[in-house]
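The values are calculated or read from the model by the stated rules, or taken from the named source; none is laboratory data. Fair warning: this is a prediction, and the values are worked out from it, not measured in the lab. In this analysis, Cβ positions are derived from the backbone assuming ideal geometry, glycine residues included, and neighbour counts consider all displayed protein chains. We work out accessible area using only protein heavy atoms, side chains counted, and drop any ligands, DNA or RNA first. Shrake-Rupley method; radii C 1.70, N 1.55, O 1.52, S 1.80 Å.
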Amino acid sequence: MQIGQWLADGHMHVAELDDTLAGYRVQHRHFFGEAFIEMLMVASPLRGHGVGSALLLHATSCSAGARLFTSTNQSNANMQRLLAAAGFQQCGIVHGLDEGDPELIYRFATDDVR
């Protein structure tokens, strides 16, 4: 299973709330050699409680001025709002991955980009 492989490879970061898994983030460097958040998931009942924001804050703090990218479908307005609130800016678009629902590419807005 892909989740098990991400965990085994050390690419997964988890968030817990009251000793319960609240969400996770998968990050790697397979995006043109740059840091990329491949997956960010928050348990449905905990959405809107800051778990996603905390996972993104951890990702940006670990990046320390390096480039950090992620993406989401155009239809995922909640993720787009979360990314904007965390300081990410849309920087590209890919058509054809999900028919009729383009993938929006985001970069963390930092003044210290290489």
(request) With only Lys, Arg, Asp and Glu charged, each at its Cβ (+1 for the first two, -1 for the last two), find how big the charge dipole of segment 1-49 is about the Cα centre; round to the nearest 20 debye. (result) 160 debye
(request) Give the relative contact order (percent, whole number) for segment 13-57; include only Cα pairs under 8 Å separated by 6+ residues. (result) 34 percent
(message) Per DSSP helix of 4 or more residues, -39500 (n - 2.57); summed, then divided by the residues of the chain. What does that give at 222 nm, rounded to the nearest 500?
(response) -7500 deg cm²/dmol
(request) At a temperature of 25 °C and a viscosity of 0.890 mPa s, determine how fast segment 56-114 diffuses translationally according to Stokes-Einstein, using the Kirkwood radius over alpha-carbon pairs as Rh; express D in µm²/s, rounded to the nearest whole number. (result) 206 µm²/s
(message) Please give me, ordered by residue number, the GluC sites (Glu not before Pro) of segment 1-110 that lie in loop per DSSP and have at most 13 other Cβ atoms within 10 Å.
(response) Glu99
(request) Would you mind telling me the share, in percent, of accessible area of segment 1-102 contributed by carbon and sulfur at probe 1.4 angstrom? (result) 54 percent
(message) Taking every alpha carbon pair in the chain, what does the distance histogram look like in 10 angstrom bins from 0, in percent?
(response) 13, 45, 36, 6, 0
(request) Express the relative contact order of the chain as a whole percentage, based on alpha carbon pairs under 8 Å and six or more residues apart in sequence. (result) 19 percent
(request) Collect residues whose amide H, placed 1.01 Å from N in the peptide plane, falls under 5 Å from the amide H of Glu38; neighbours closer than 5 in sequence don't count. (result) Val26, Gln27, His28
(message) Keeping every protein chain present and rolling a 1.4 Å probe, give me the accessible area per residue for the chain in Å².
(response) 61 Å²
(request) Work out from phi, with θ = phi - 60° and the Karplus expression 6.51 cos²θ - 1.76 cosθ + 1.60, the ³J(HN,Hα) of each residue of segment 79-84, listed in order in whole Hz, and give x for Gly and Pro. (result) 5, 4, 5, 4, 5, 4
